[in-house]
1. Checking B:Glu137 against (1) out of contact with any Lys or Arg (no Cβ under 6 Å at 6 or more places or on another chain); (2) open to solvent by less than 20 Å² (accessible area, probe 1.4 Å); (3) closer than 19 Å to B:Gly221 by Cβ, which single condition isn't satisfied?
2. Going through segment B:140-161 one residue at a time, which ones are more than 8 Å from chain A (Cβ to nearest Cβ), in contact with a Gly (Cβ under 9 Å, 6 or more places away or on another chain) and not in a loop (DSSP other than H, G, I, E, B)?
3. For segment B:167-202, give me each residue that is open to solvent by 10 Å² or more (accessible area, probe 1.4 Å) and facing chain A (nearest Cβ under 10 Å).
4. Would you please name the residue that is nearest to the ligand (Cβ to nearest atom), looking only at residues in segment B:86-124 that are assigned to a loop (DSSP other than H, G, I, E, B) and crowded, with 20+ Cβ neighbours inside 10 Å?
5. Exactly one of (1) open to solvent by 50 Å² or more (accessible area, probe 1.4 Å); (2) in a helix (DSSP H, G or I) is unmet by A:Glu62. Its number?
6. Testing B:Ile194 on (1) assigned by TED's automatic domain parsing to the domain that holds B:Cys64; (2) touching a residue at least 40 places away in the same chain (Cβ under 8 Å), one condition comes back false. Which one is that?
7. So which residues in segment A:49-68 are within 14 Å of another protein chain (Cβ to nearest Cβ) and touching an Asp or Glu at 6+ places or on another chain (Cβ under 7 Å)?
Amino acid sequence: MKYEIFINGGFANIPKQYNGEISLESSEKKELFQTLKVKPEASGEIHDGFIYHVKIIEEGQEIRSVYDEHNLPSVIRTFIDTVLSKGN
Amino acid sequence: MCDKHHCLIIPPHILEELAKLGNTSCKKTLNDTHRILQKRNGILNNLLIREVVEGDGDRFVYDCQNRNQQRVEMVRQEGGEATDDESVNKAYVTSGFVRDYFKNTFGLNSIDDNGLDIISNVHYGKDYNNAFWDGDEMTYGDGDGKEFKDFASAIDVVAHELAHGITQFLANLEYQSQSGALNEHFSDVFGTIIKQKYLNQDISEADWLIGDTVVTEEFPGVAIRSMKAPGTANDFDSQPDHMDNYYSGNADNQGVHINSGIPNKAFYLSCLEIGIDDCAMIWFETLKALWRTADFNDMLDVILRVTEGLQNEGKVCDGALQAVENSFSTVGLSKVVA
Ligand SMILES: [Zn+2]
């Protein structure tokens, strides 16, 4: 499964881009797709918060969403942490 | 012309026009209406996880225990003993210093001038390279140790975040494009002023850097931003110091941390001419007179009007108006002559 993660904003405003491929269990993959399909709830104005752009591509299907600090689902945060911990 | 009852039934775009003409009642209503709506949404969203408590400007420091969750454990509150955790103690001391600066200098009673509790969350997330104000409270990461370290320990970072709270209550500048860059600008201005006060520096000793103590030795730069020389603090620093290099892209909420370099440089130049204390008063009074959608030209109009008033009242030095006008002109912002 291909992914593109772009994190910008933040106090320092140093954008970070992570592109690559990752293997996930089918249950994890399903949960990730389902979570990305849900429109994030609107947050109040967060100042200096990160903005997380997440896109995944699997078998021609592409899905993406944008989150902030308060509406980033734990499933997506865990996925981002997994990608970062792999040093991608 | 505009009492509270009139303001409540006047559409926002008319309130905004009246605010631009200096009507403070309309400006306040405009700011309050939006903030109440935001707050109501926030309260509804967070009803089950967060209490809304009225306070006395007391400090509360929470340890997030490296989880991505605020208010995990309250570890120090107003008047409480120091803990073994330096991040906790620093957040407590610095937030108190910022609160006291605004109280002693401008008579402001905490963030909202109504004794709002000052809540700091430290140790947020794992290796979290950031600090933010979320509309109610401040949150600080420990940094990853590779690029950044302990955001809660830096007086300028704490003052910057707390100033976002003050801006929210005084002008509620929208966090995008030029109004957002002004929002960032005011946080950097008071971050800088308070850092110099905290370190007992005068302007000739100051480094005019923001975030110099949160970057590591390995970080490719000396700080996050520079008021003196925007765009030079690190290898990623793209702040312009003149309208000729204005950023017009969409990233960073249309450049809120980027274009703030332009008024930041004007502030620095003004300080060199008339000193930081007169500038502090001018910028604070200007913030009070601004409104949600104010842009750079509105800022210039208001700051010149405010400075002239303060100068006429003898509250700032003679020559302040000329100095501020020159400083903004140097960064490419000049009064349009009709
Ligand atoms: Zn900020």
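1. (3)
2. Across segment B:140-161, the qualifying residues are B:Gly141, B:Ala152, B:Ile155, B:Asp156, B:Val158, B:Ala159.
3. Hits for segment B:167-202 are B:Gln168, B:Glu174, B:Tyr175, B:Gln176.
4. The residue in question is B:Ile111.
5. A:Glu62 satisfies every listed condition except (2).
6. Failed condition: (1).
7. Filtering segment A:49-68 down to residues within 14 Å of another protein chain (Cβ to nearest Cβ) leaves A:49-53, A:66-68.
Once the filter is applied, which keeps residues that are within 14 Å of another protein chain (Cβ to nearest Cβ) and touching an Asp or Glu at 6+ places or on another chain (Cβ under 7 Å), segment A:49-68 yields A:Gly49, A:Phe50, A:Ile51.
Each row is one residue, and each column tells you yes or no for (1) over 10 Å from the mean Cα position of the chain (by Cα); (2) within 16 Å of the ligand (Cβ to nearest atom); (3) at positive phi.
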| residue | (1), (2), (3) |
| --- | --- |
| A:Asn19 | yes, no, no |
| A:Lys29 | yes, no, no |
| A:His47 | yes, yes, no |
| A:Val54 | no, no, no |
| A:Asn71 | yes, no, no |
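The values are calculated or read from the model by the stated rules, or taken from the named source; none is laboratory data. Model, not experiment: these values are computed from the prediction. Because the Cβ atoms are built from the backbone with ideal geometry, glycine has one as well, and the counts that use them run over all protein chains shown. With ligands, DNA and RNA removed, areas are computed over all heavy atoms of the protein, side chains included. Shrake-Rupley method; radii C 1.70, N 1.55, O 1.52, S 1.80 Å.
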